[in-house]
C-alpha cells in the first residue's frame, strides 16, 4: 500500500513539472537586447503590437502571392483582383460584393494620408476601363505616405505593388475604409 502511494506521488510530481506553451494573440518584436556583464546573459525586451482583424485579412491575402490570374477566380488555382479581396475579407466574416466597382460603394471614402493596412484602393485601368472602377487592391503597408498593396493583375497574377509607381498613381481613384 505504501509503495503504491509513493509511486503515485512520484508520477504526480513529474506531471506537475511539465512546461506548457502560451498561446499568443499579439505580434512580438524585439526592441532591444540588454547584456549583463556580471553573468554575460542576454535578455530581450519585447514591444507587443495588438493584432487586428485588418492584420489577419492582409496575412490571409498574402498567402495568394504568386497565384496566376484567372478572371472570376477565387482560389489558389487562379484569382482576379476582386476575388482576392472578396475571399480575404470573407475568410474573416466580412462580406463584400464580388465586383470591384460594387466594392467601391462600401465603407467610408478616406484620403490617402489616412489609408492604413486593410483599407481598399480603387483604380480605373486599361483603355476600356477608364470610364469606371475596374480594379481593387488591399493596403498591405502604409508608412509616411508610402503605400504598398496586394492585388491581382492579368499579366503577373497576385503581387504586391507600390502606389507610387506611375501606372498605379495615374489610375488611382479612391481609398476606402471597410473595417
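Within the stretch 128-145, the set of residues being surrounded by fewer than 19 Cβ atoms within 10 Å (Cβ to Cβ) and over 14 Å from the mean Cα position of the chain (by Cα) comprises 128, 129, 130, 131, 132, 143, 144, 145.
The lone criterion from (1) in contact with a strand residue (DSSP E or B) (Cβ under 9 Å, 6 or more places away or on another chain); (2) over 18 Å from residue 53 (Cβ atoms) left unmet by residue 177 is number (2).
With the structure loaded, tell me whether residue 95 is out of contact with any strand residue (DSSP E or B) (no Cβ under 8 Å at 6 or more places or on another chain), assigned to a helix (DSSP H, G or I) and either touching a residue at least 12 places away in the same chain (Cβ under 8 Å) or surrounded by fewer than 18 Cβ atoms within 10 Å (Cβ to Cβ) (or both) or whether it fails that test.
no
I'm trying to understand the selection: among the residues of the stretch 148-177, which are closer than 26 Å to residue 93 by Cβ and touching a helix residue (DSSP H, G or I) at 6+ places or on another chain (Cβ under 7 Å)? Once the filter is applied, which keeps residues that are closer than 26 Å to residue 93 by Cβ and touching a helix residue (DSSP H, G or I) at 6+ places or on another chain (Cβ under 7 Å), the stretch 148-177 yields 150, 151, 152, 158, 175. Got at least one residue in the stretch 68-76 being in contact with a strand residue (DSSP E or B) (Cβ under 6 Å, 6 or more places away or on another chain), surrounded by fewer than 16 Cβ atoms within 10 Å (Cβ to Cβ), at pLDDT 95 or above and farther than 21 Å from residue 142 by Cα? Yes, the stretch 68-76 contains at least one residue that is in contact with a strand residue (DSSP E or B) (Cβ under 6 Å, 6 or more places away or on another chain), surrounded by fewer than 16 Cβ atoms within 10 Å (Cβ to Cβ), at pLDDT 95 or above and farther than 21 Å from residue 142 by Cα.
So, residue 61, is that one at pLDDT 65 or above, surrounded by 13 or more Cβ atoms within 10 Å (Cβ to Cβ), closer than 25 Å to residue 176 by Cα and out of contact with any strand residue (DSSP E or B) (no Cβ under 7 Å at 6 or more places or on another chain) or not? Answer is no for this residue.
Would you confirm whether any residue within the stretch 96-108 is closer than 19 Å to residue 52 by Cβ, within 16 Å of the chain's Cα centre (by Cα) and at pLDDT 95 or above? Looking through the stretch 96-108, none of the residues is closer than 19 Å to residue 52 by Cβ, within 16 Å of the chain's Cα centre (by Cα) and at pLDDT 95 or above.
Matching residues to (1) in a loop (DSSP other than H, G, I, E, B); (2) over 21 Å from the mean Cα position of the chain (by Cα); (3) at pLDDT 95 or above; (4) more than 18 Å from residue 122 (Cβ to Cβ):
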| site | (1), (2), (3), (4) |
| --- | --- |
| 38 | yes, yes, no, yes |
| 47 | no, no, no, yes |
| 55 | no, no, yes, yes |
| 66 | yes, no, yes, yes |
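Of all the listed residues (125, 148), the sole one being buried (at least 16 other Cβ atoms within 10 Å of the Cβ), closer than 24 Å to residue 70 by Cα and modelled with pLDDT under 95 is 125.
The values are calculated or read from the model by the stated rules, or taken from the named source; none is laboratory data. The model shown is predicted, which means the values in this text are computed figures rather than measured ones. Backbone-built Cβ (ideal geometry, glycine too); neighbour counts: all protein chains shown.
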